[in-house]
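Worksheet for the structure shown next.
Just so you know, all these numbers are worked out from the coordinates, no wet-lab data involved. Note that this is a predicted model, so its numbers are computed, not measured. FYI the Cβ positions are ideal-geometry reconstructions off the backbone, even for glycines, and counts take in every protein chain you see.
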Amino acid sequence: MSQKIVVDFGLCESNGVCMGIIPEVFDLDEDDYLHVLQDEVTPENEQGVRESVRQCPRQAISIVDE
Ligand code: SF4
């Protein structure tokens, strides 16, 4: 079973906390729109993704089982 990163864009306030933790996964563009560059949780990104879930001040990031 794989796990997927989901951002609730209605909650996200584009403060860039997640990008500061793991820019390989989260990217804010010049219009302050957040892009999820890889939406699969992998052994390589899992620690940073979970840290982003914990630290997102809007609790906008979740990890869902597929
Ligand atoms: S940390 Fe949360 S609120 Fe901030 S940009 Fe990332 S998803 Fe949006």
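For the reader, a short list of remarks on this structure follows.
- Counting only Cβ charges, +1 for Lys and Arg and -1 for Asp and Glu, the dipole size of the range 3-65 around its Cα centre is about 340 debye.
- Per-residue ellipticity at 222 nm computed for the chain from its helices equals -6000 deg cm²/dmol, with DSSP H segments shorter than 4 residues left out and the rest contributing -39,500 (n - 2.57).
- Backbone N under 11 Å from the Glu24 label point (7 Å along Cα→Cβ), restricted to the range 45-63: 45-49
- Backbone geometry of the range 18-30 corresponds, through the Karplus equation with coefficients 6.51, -1.76 and 1.60 at θ = phi - 60°, to 3J(HN,Hα) couplings of 5, 5, x, 7, 8, x, 5, 9, 10, 9, 9, 8, 5 Hz, x marking Gly and Pro.
- Two-decimal log10 I(q)/I(0) for the chain, as the Debye equation yields it once each C-alpha is a single scatterer, q = 0.17, 0.21, 0.23 Å⁻¹: -0.50, -0.77, -0.93
- A simple count of charges around Ile21, restricted to other residues whose Cβ falls under 15 Å of its Cβ and scoring Lys, Arg +1 and Asp, Glu -1, yields -2.
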